[in-house]
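Heads up, the thing below is written out as C-alpha cells.
None of the figures in this text is laboratory data; all of them are computed from the coordinates on show. Since this is a predicted model, take the numbers as computed values, not measurements. Here Cβ is always computed from backbone atoms with ideal geometry, including for glycine, and neighbour counts include all displayed protein chains.
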Amino acid sequence: MPDEVGQWQELERRLRELCRIYGYGELRTPLFEATELFARGVGEGTDIVDKEMYNFTDRGGRNITLRPEGTAPVVRAFLEHNLARELPARFFYLGPMFRYERPQAGRMRQFHQFGFELFGESGPLADVEAIDLAWTTYRSLGVADVQIKINSLGCETCRAAFRDELRRRLEDRLEKLCGNCRARYQRNPLRILDCKNPECQAALADLPELVDFLCPECKAHFQGVKEGLSALGIPAVTEPKLVRGFDYYTRTVFEVTAAGLGSQDAIGGGGRYNNLVRELGGPAVPAVGFAAGLERILLVLAKYGIKLKEKDAPFVFMAPLGREAQAHAFELACQLKHQGIPAYVPLAEKSLKAQMKVANRQGVKWTLIIGDEELQKRRAILKKMSDGTQREISLAGISEAIANLYLEEGR
Ligand code: HAM
C-alpha cells in the first residue's frame, strides 16, 4: 500500500546511497535462472535446494528456478560478462527472492533482499569491509542494537578433517538426533551444529569446535578478520556453531541478528566463498558477500518506532465554494501541478467543513479557500494549517505566492 511503499522506497534509496559511498555498483539479475545454477552453487543437500526452491519446467522443457538467493546469479552474471578482467569488482542488488518455506512473521515465500558481493580480494580486510558495510547498513537506519556473530568454516582441507571428526564422535549418538540431523549426518554433518532442536544441541555438548581444526592459513585469516573488526570498533562475537545453510562458504561466515524479532531474528547473513566462481566454470576468484532481508529490516525499524519517511501529503489544498470557484480552483491546481507543486482539489462541490476534514486528514501544509464571493473581489484566503492563521491574497498573485512558499518549505 502507498504508505508502506513510501518506507520501502526510502529504505531502498538509503541502501543505494550507502553502496555508492562504499563503491558498489548495482547489478540486476533475472528473477529466474536455470535450476542447475542453484543446485551446483548453493549445493545439493542444503535445505534451500532440497526443500525450498520454486522449480518448474518451461515450455521449452528447461528446468527453471525462481531465484532463492542472489549470490549464485551474481556469479553467473559475473562469468557471463567476463567481469573477472577487472578485479576487484563490487556489486550490490535489491529485489525479490523466493523460497518455499513455512510462512510466519518475518518469513515469507516471496521476500526481498539487499545484498552485495566483492570479488577478487582474498585478504581478511575484504571480509572486514563486508562486515563493516553490513553493520553500517543497520546503523545508518538508526538500528544500533544488532548482534554480529562470526565464525570460520576453514578451507576444504580443515573442514574435511572436522567433518570426519564430527561423524566419528556422533556415530554412537545418532539415535539422540532429530530425523533431519540423522539425514544430515551423511550428507552435510556440519549443518547439525546449528540445528535448533534442544536434544540435538545436548548431543553436541562436548564435541570439538571447528575453530580448533583450522589450518594455519585459515587461522591467520580469521585472526586478521577479528583484528580488523576490533580496530573499527565493530562488536562481533565468535559463534563456534555458526555454519549457515550454503555449501559455497569458505573461511569467514557471519550473521546479524536483532533482538525482539522472535525466531526469525536473522536480519542478515553472509560470508566468504573462495571456490564458487571456479565451481561455476570460471577462474579461481575469491569473493565475499552479504545479504539482508528487507522485510525483516522494516520489522526491526517498526519495533524501534523508526519511520524512514513521513507520508506524502499535498502541499496545498484547494477549498472552492460554489460552482465558479470550483472551476477556478481546478484550473489553478492544474497549473500548480504543471509547475511541480503537489496540489489537491476536490473534483466535485463539497461544504467547507467536509473539505477541511479532508485537508486535515491528508496533512496538507496550506489550504486555499476560494468562495464565489471572494472570486468577485478577485481574492482568496490562504490558511496555514499548522497554526490556523489566515491571510487574504489576490487571485492574480496566488500562483507565485504558493510557488514561493513551496520553495521555502515544500520538501
Ligand atoms: P541468507 O542468510 O539465506 O543468505 O539470507 C539473507 C537474509 O535474507 C536473511 O538473514 C533474512 O534476513 C532474509 N531472508 C531469508 N529467507 C527469508 C524469508 N523466507 N523471508 C524473509 N526474509 C528472509 C543468503 O541468501 C546469501 N546469498 C547471503 C550472501 C551473499 N552470502 C554471500 N553473499
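State the dimensionless ratio Rg/Rh of region 6-133 (Rg: radius of gyration of Cα atoms; Rh: Kirkwood radius). The partial results should precede the final answer.
Numbers: Rg = 15.8 Å, Rh = 16.0 Å.
Reported Rg/Rh (Cα atoms, Kirkwood Rh): 0.99.
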Exercise. Counting Lys and Arg as +1 and Asp and Glu as -1, what is the net charge of the other residues whose Cβ lies under 12 Å from the Cβ of Ala134?
Worked result: -2
Problem set entry | Dipole moment magnitude, nearest 20 debye, the chain about Cα centre, only Lys, Arg, Asp, Glu C-beta charged | 720
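Provide Thr257, Thr389, Thr71, Thr238 in ascending order of the number of other Cβ atoms located within 10 Å of each residue's Cβ, fewest first.
By the 10 Å Cβ count, ascending: Thr389, Thr238, Thr257, Thr71.
Cβ under 11 Å from Gly43's Cβ, Gly43 left aside: what net charge do those residues give with Lys, Arg +1 and Asp, Glu -1?
On the way: positive: Arg40, Arg187, Arg191; negative: Glu44, Asp47, Asp50, Asp247, Glu279.
Net charge around Gly43: -2.
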Exercise. Pick from Glu171, Glu156, Glu349: which is most flexible by mean-square fluctuation in a GNM of the chain where alpha carbon atoms under 10 Å apart are linked?
Worked result: Glu349
Exercise. How about Lys309: which lysines have a C-alpha closer than 17 Å to its C-alpha, ignoring those fewer than 8 places off in the same chain?
Worked result: Lys365
Exercise. If you place +1 on the Cβ of every Lys and Arg and -1 on the Cβ of every Asp and Glu, how big does the dipole about the Cα centre of region 200-263 come out, in debye to the nearest 20?
Worked result: 140
For this session: Return the distance in nm (one decimal) between the two label points of a simple spin-label model at Gln9 and Ala348, each offset 7 Å from Cα along Cα→Cβ.
Result: 2.9
For this session: May I ask for the net charge around Leu153, where only other residues with Cβ less than 11 Å from the Cβ of Leu153 are counted and Lys, Arg are +1 while Asp, Glu are -1?
Result: +3
For this session: Find how many whole Å separate the alpha carbon centroid of region 248-277 from the alpha carbon centroid of region 138-159.
Result: 6
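Order of Lys226, Lys377 from fewest to most other C-beta atoms within 10 Å? Numbers along the way, then the final one.
On the way: Lys226 19, Lys377 11.
Least to most surrounded, the residues fall as Lys377, Lys226.
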Seminar exercise, completed: In a Gaussian network model of the chain with springs linking alpha carbons closer than 10 Å, the residue among Val358, Val288, Val74 that fluctuates most is Val358
Seminar exercise, completed: Flagged as over-length at 29 Å C-alpha distance, from Lys51/Lys303; Lys307/Lys384; Lys350/Lys377; Lys307/Lys353, the pairs are Lys51/Lys303; Lys307/Lys353
Exercise. Roughly what % of DSSP beta bridges within the chain run antiparallel, to the nearest 5?
Worked result: 80
Exercise. Among 136-148, 318-330, how do they line up from the highest to the lowest mean number of other beta-carbon atoms within 10 Å?
Worked result: 318-330, 136-148
Exercise. For the charge dipole of region 326-411, defined by +1 on Lys and Arg C-beta atoms and -1 on Asp and Glu C-beta atoms about the Cα centroid, which residue among Leu332, Gly397, Leu347 has the Cα displaced farthest towards the positive pole?
Worked result: Leu347
Exercise. Hey, what did the chain get for relative contact order, percent, Cα under 8 Å, at least 6 apart?
Worked result: 15
Seminar exercise, completed: Charge dipole of the chain built from unit charges on the beta carbon (Lys, Arg +1; Asp, Glu -1), centred at mean Cα; most positive-end Cα among Ser140, Tyr24, Phe213 is Ser140
Seminar exercise, completed: Sparse-neighbourhood loop hits (trypsin sites (Lys or Arg not before Pro), region 230-291; DSSP loop; Cβ within 10 Å at most 16 others) -> Lys241
Seminar exercise, completed: In region 1-64, the chymotrypsin sites (Phe, Trp or Tyr not before Pro) that sit in a DSSP loop and have at most 13 other Cβ atoms within 10 Å of their own Cβ are none
Exercise. Which value at 222 nm does the chain reach when only helices count, each DSSP H run of 4 or more adding -39,500 (n - 2.57), with the total divided by all residues and rounded to the nearest 500 deg cm²/dmol?
Worked result: -11500 deg cm²/dmol
Exercise. Relative to the first principal axis of the alpha-carbon coordinates of the chain, what is the inclination of helix 216-231, with its axis defined by its Cα atoms, in degrees from 0 to 90 and to the nearest 10?
Worked result: 30
For this session: Mind ranking 196-203, 305-312, 366-373, 378-385 by how tightly packed they are, going by the mean number of other C-beta atoms within 10 angstrom, highest first?
Result: 366-373, 378-385, 196-203, 305-312
Exercise. Which GluC sites (Glu not before Pro) in region 203-249 pass both tests, a DSSP loop state and at most 16 other beta-carbon atoms within 10 Å?
Worked result: Glu209
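Explain nothing, just the number: dipole magnitude of region 167-302 about its Cα centre with +1 on each Lys and Arg Cβ and -1 on each Asp and Glu Cβ, in debye rounded to the nearest 20. If you can, show how the numbers build up before the last one.
Details: 18 positive and 16 negative charges, 62 e Å.
In total the dipole reaches around 300 debye.
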